[in-house]
Amino acid sequence: MPTIARPSSTTIVSATCVLVLLREGRAVLQPIALALILSLIVAPLVHSLYRRGLRRLPALLAALALAGAAAAGTAAILAAQLMNVTAELPQYQAAIVRKADQLRVLAERPLVWFEAGLNAVGPLSIDGDPGQRLAQATAGGQPVPVEIRAPRPSTTETVTRLLATAWGPLGETGVVLVLLLFILMEHESLQDRLIRLAGQSETSRTVRALADAAQGVSRFFFSQFVVNTTFGVAIGAGLALLGIPHAVLWGALSGVLRFVPYLGALCGGALIALFAAAVDPGWGAALSCLALYAALELIVANLVEPKVYGHSTGISPLAVIVSALFWGSLWGPVGLLISTPLTVCLVVAGRHVRALEPLSVLLGEAPDVSAAQRFYRRALSGETAAIVRDARPRLRRAGFARYCDQILLPGLALAAAELRAGHIAAGQQEQLRRTVADVAEALAPAGAPTHGKRRRQVSLLDANVGAHLRQLREARLGRWQGPLDVPLHSIVLCAGLAVERDELAGELLARALRGAGVDARSITLPLPYGEHAPEKAGLLATVFIPFPLQDTLDAWTAAVAELRAMLPSTLLATIRPPFDQDAAEPAAVQPHVDVVLRSFEQGVAFVAAAGRAGA
């Protein structure tokens, strides 16, 4: 994964200026953003009509007409149904008034109790009673009632007030539609301009970014349409089962209102509860409808939407919520409505523009982190259980050798690089060693414990991980990690220098081989040990030696020479992992061994092939 550049002071100042511009220029930027997002939604329909033989302008006008007709028809049907419901409301007027009085009494009762409590503590001292002052002011005569009536507005004033109220939304809608029309007409030209700005060498990347953005926004609105439609159907069916009139209308209205984030859901629930309270003499229907709506809304908002919208847009579920808060605070309800499409565009841009890459990493659905990097992060934090839980399925599919090649050893290589750079504190080193030992012991156990012996505890502070793991196996299986009365050429020896890297690599390889059914054992060079019996050399089939580093090449060469002199008929093999940056030159190593392999998995296959050839 490429390293993300740290933000400089210039970047911070530029980001601040962009935020101020978004906040102060929203009157201009909102219609443009709405028109651009609508163009991404309508563009697939325009292209479909264009491929069917229509010319560009007729296809554009037809797509706009179809979309406008669908929106206008839905609005007209809902408006007509709402007018029918409104016409029926007077017959429920008595119930509404009675329940309003009940709610008022319930709302005032806590205040009455609070006032009574204050009066019980002590009377409040005020400058006279208002009623007494009014009586004193009107002594000698009765108060004259005065009624103030506002003058009845004329027809001109009424029309003017209505136009003034509707002019703002109608004007903004007209501006958005005009911008949408011109953006669709200039679609090809705008793409050419963006490609020209990006440069000729970035043509493929720019085209791919535009396609990704359009596809992401289209997927989001399609997913939103499916979720809201399903929600509306569920609400309508539930209200019908509860016996609420016009259940289809309220279900459709619930689905439509949910296109307005947060506020739409609240308004839909409030309207349904109010209507249920009007049609039912008691409170049972209102409470049942409210409970149904709240339950479905909680399920959809907290379980369905974050997963569906996150997977359909390529942004994480948390980013969906954060983007709604961010754009809603900047642009109000319009920001809430277009928050997810705008965030999708930013995430797509971050995948192709290096300056915006942090946005793609923070908001994207899946962070660009390898399994080895995730293992290393968890190992530093001591998350052994999480590492083991994720490793189990891999082990069932491929075995411990491949897990070492793809995750464990690359993760340890990252740790070694940071250790050389001095970035790992002493406490983190201890935690890392402990986690690696626990993971190796959990995924590739040392073997059956020796009866009558208790597992010997080895301090990780005094011994490296490889020595610790080998001592655990010796505590369970004996000094030689198994019996010596075995057939000739049946033991594979994993030998390494007395350094932490070699001992850990040798012990992990031994465990990977044992997991494949090979009698593998690990030791530390140089040989021989004092208690070694020369006649036992015939038991060995292959000796694996970790590939040396540049600074340990001389010691490695001397140890291998002694090993070759002791075991002239034994195959010597080494494994050079591709991620080892400080490894010695292959030309300096190859003359001293019989074979150079590239992975633990190749080592297991090599031993299996050699065993079949010997048999």
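Brief remarks on what is shown
- Number of the condition not met by LEU179 [criteria: (1) closer than 23 Å to VAL28 by Cα; (2) outside any helix (DSSP H, G or I); (3) modelled with pLDDT of 80 or more]: (2)
- Once region 494-518 is narrowed to residues that are hydrophobic (A, V, I, L, M, F, W, C) and in a loop (DSSP other than H, G, I, E, B), the residue that is surrounded by the most Cβ atoms within 10 Å (Cβ to Cβ) is LEU497.
- ALA69 assigned to a helix (DSSP H, G or I) and modelled with pLDDT under 80: no
- VAL260 passes every criterion in (1) within 30 Å of SER360 (Cβ to Cβ); (2) without any contact (Cβ under 8 Å) to a residue 24 or more places away in the chain apart from (2).
- Of the criteria (1) out of contact with any helix residue (DSSP H, G or I) (no Cβ under 6 Å at 6 or more places or on another chain); (2) surrounded by 12 or more Cβ atoms within 10 Å (Cβ to Cβ); (3) assigned by TED's automatic domain parsing to the domain that holds ALA278; (4) touching a residue at least 40 places away in the same chain (Cβ under 8 Å), which one LEU57 fails: (2)
- Spans of helices (runs of 4 or more DSSP H) in region 336-409 with at least 1 residues under 19 Å from the mean Cα position of the chain (by Cα) and at pLDDT 80 or above: 371-381, 384-398
- Number of residues in region 282-292 that are touching a residue at least 24 places away in the same chain (Cβ under 8 Å) and crowded, with 17+ Cβ neighbours inside 10 Å: the value is 4.
- Among the residues listed as LEU49, LEU103, LEU64, the single one being within 45 Å of the chain's Cα centre (by Cα), modelled with pLDDT under 75, of a type outside the set (Phe, Trp, Tyr) and in a helix (DSSP H, G or I): LEU103
- When region 271-281 is filtered for residues that are surrounded by 20 or more Cβ atoms within 10 Å (Cβ to Cβ) and assigned to a loop (DSSP other than H, G, I, E, B), only ASP280 remains.
- All positions within region 464-487 that are of a type in the set (D, E, K, R) and within 14 Å of GLU507 (Cβ to Cβ): ARG470, ARG473, GLU474, ARG476
- Among the conditions (1) under 30 Å from ARG392 (Cα atoms); (2) of a type in the set (Gly, Ala, Ser); (3) at pLDDT 85 or above, GLY478 misses just one, which is (3).
For every residue, the table says whether it meets (1) part of a loop (DSSP other than H, G, I, E, B); (2) surrounded by 17 or more Cβ atoms within 10 Å (Cβ to Cβ).
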site	(1), (2)
ALA237	no, no
GLY255	no, yes
VAL260	yes, no
GLY269	no, yes
ALA294	no, no
VAL304	no, no
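- Some residue of region 193-202 being within 30 Å of GLU305 (Cα to Cα), modelled with pLDDT of 70 or more and either exposed (fewer than 12 other Cβ atoms within 10 Å of the Cβ) or outside the structural domain of LEU64 (by TED's automatic domain parsing) (or both): no
- Filtered residue count, region 462-493, keeping only those that are surrounded by fewer than 20 Cβ atoms within 10 Å (Cβ to Cβ), of a type outside the set (Gly, Ala, Ser) and outside any loop (DSSP other than H, G, I, E, B): 4
- Members of region 580-614 that are crowded, with 16+ Cβ neighbours inside 10 Å and in a loop (DSSP other than H, G, I, E, B): ASP580, ALA584, VAL593, SER599
The values are calculated or read from the model by the stated rules, or taken from the named source; none is laboratory data. Everything quoted here is computed from the prediction, not taken from an experiment. Please note: Cβ atoms are built from the backbone with ideal geometry, for glycine as well, and neighbour counts cover all protein chains shown.
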